[in-house]
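A.B. asks: My questions all concern the structure below.
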Amino acid sequence: MKEKTIKNSKYTIFFILIISLIFINFIDASAAKKRRSKKITHKHRYYNPSATKKMSINILRQNQDLAELANLNPLDPDSVDVSVDKNNKIIGEYGEDMNDLEKEDNFTYDAENFKMLLLSMSDDEYTYGGVSKTMLLTEAMDMFGTPYRFGGITTKGIDCSAFTRLIYYRAAGIALPRTAREQIEYGKPIKSIKSLQFGDLIFFHTYSKRFASHVGIYLQDGLFMHSGTRYGVAVASLTSEYYQKRFIGGRRLSEKDIENLKINKEQTTVLKAAM
C-alpha cells in the first residue's frame, strides 16, 4: 500500500512538472511574439507612393530642361515666383475677402485718372525718413495692374507685403521684413488716419484681428497704394467701409529706421529676384 502511494505521488509530481513546462513554454512563446511584434511596429514605415510621385514630378516641372527631358509640361513660371520657408511652405499674405470687398468697398479705381492724380502729388520732397516721394510714386506706378498672388514676389504676381517691401527696396535700398505682421514692428506708431503722412506704412486685419494681415503705402487725402485681391497693385481709399473697419494703424519710418534696414549682400540677391 505504501509503495502504491509513493508511485502515485511520483505520477502526480511528474504530471505537475509536465504542466509547468507547458505553461512556461507558452509564456516564453507569448513574450517572444510580443517582442517580435514590437520590433516590427517600431521599424515599420508608411509610404504614400502617389503623393511622392506627384511631389517629384512637380519638382521636375519647375526646371525647364528637366521637364523637357522627362517629357513633362513645365509649370507656369508665375506659379513658381513665390517666397517659401525652409519647409517649402509659401510665405505670404492671404489678402482681402472678396465677398466683404464687394459688399463694403464703394471706392472706384481708375488707373489712368489716378496716375495723373498721383503725378500731381509728386514733387521733390522727401518722407519723414528721407525717402524721395517721387521715387516711391514712380516705382509703385510702374507696377500698377500687376496681379495679386498669394506669396508672390515679382512683377508677374505679388502680394501686399512683398509689394511694400519691393517698393521700399527700389526707392530707398532697404529690406523690410517679408510679412505684414513683421513690418508692423518697425517705425513710429501712427494711430489716427488723420495723422498719416505720405510714405507711411498702413496696416489692416483682413482675416484675423489677432495680427496685421494686409499692408499698403499711404499717399494723401485718404488714398494709399497696395497689392489687393480685387485689382492687384492699385490705389485704394481709407474712406471705404471695408478699410475703415479693418484699419489697425500706421508706421512711420525715421532716418534711423531707414539706416537700420539698409540691406546686405545676401538680402540684395534675394530682393533682386523680384525685379
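The values are calculated or read from the model by the stated rules, or taken from the named source; none is laboratory data. It should be emphasised that the depicted structure is a prediction, and the values quoted were computed from it without experimental measurement. Here Cβ is always computed from backbone atoms with ideal geometry, including for glycine, and neighbour counts include all displayed protein chains.
A.B. asks: Among the residues that make up segment 195-215, is at least one of them farther than 21 Å from Asp159 by Cα, outside any loop (DSSP other than H, G, I, E, B) and at pLDDT 95 or above?
C.D. replies: Within segment 195-215, one or more residues are farther than 21 Å from Asp159 by Cα, outside any loop (DSSP other than H, G, I, E, B) and at pLDDT 95 or above.
A.B. asks: Moving on. Looking at (1) touching a strand residue (DSSP E or B) at 6+ places or on another chain (Cβ under 8 Å); (2) under 23 Å from Asn264 (Cα atoms), which is the one condition that is false for Tyr169?
C.D. replies: Only one criterion in (1) touching a strand residue (DSSP E or B) at 6+ places or on another chain (Cβ under 8 Å); (2) under 23 Å from Asn264 (Cα atoms) is unmet by Tyr169, namely (1).
A.B. asks: Okay, moving on. I'd like to verify a number: residues in segment 185-205 that are surrounded by 22 or more Cβ atoms within 10 Å (Cβ to Cβ) and either in contact with a His (Cβ under 8 Å, 6 or more places away or on another chain) or of a type in the set (Val, Ile, Thr) (or both), how many?
C.D. replies: 3
A.B. asks: Scan segment 239-257 for residues that are in a strand (DSSP E or B), surrounded by fewer than 20 Cβ atoms within 10 Å (Cβ to Cβ) and at negative phi and jot them down. Spell out how you get there, then give the answer.
C.D. replies: Taking segment 239-257 as the starting set, the residues that turn out to be in a strand (DSSP E or B) are 247-252.
From what's left, surrounded by fewer than 20 Cβ atoms within 10 Å (Cβ to Cβ): 247-249.
Phe247, Ile248 - these are the residues of segment 239-257 that are in a strand (DSSP E or B), surrounded by fewer than 20 Cβ atoms within 10 Å (Cβ to Cβ) and at negative phi.
A.B. asks: Name, by its number, the condition in (1) hydrophobic (A, V, I, L, M, F, W, C); (2) surrounded by 23 or more Cβ atoms within 10 Å (Cβ to Cβ); (3) over 20 Å from Ala172 (Cβ atoms) that does not hold for Leu223.
C.D. replies: (2)
A.B. asks: When Gly95 is evaluated against the numbered criteria (1) surrounded by 13 or more Cβ atoms within 10 Å (Cβ to Cβ); (2) at negative phi; (3) at pLDDT 80 or above, which criterion, by number, is the only one it fails?
C.D. replies: (2)
Yes or no, residue by residue, for (1) within 15 Å of Leu219 (Cβ to Cβ); (2) part of a helix (DSSP H, G or I); (3) free of Cβ contacts under 8 Å to residues at least 12 places away in the same chain; (4) of a type in the set (Ser, Thr, Tyr):
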| site | (1), (2), (3), (4) |
| --- | --- |
| Thr134 | yes, yes, no, yes |
| Ala140 | yes, yes, no, no |
| Phe144 | yes, no, no, no |
| Phe150 | no, no, no, no |
| Tyr169 | no, yes, no, yes |
| Pro177 | no, no, no, no |
| Tyr186 | no, no, no, yes |
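A.B. asks: Based on what the data block shows, is Gly145 buried (at least 20 other Cβ atoms within 10 Å of the Cβ) and not β-branched (Val, Ile, Thr)?
C.D. replies: Details: buried (at least 20 other Cβ atoms within 10 Å of the Cβ): no; not β-branched (Val, Ile, Thr): yes.
Answer is no for this residue.
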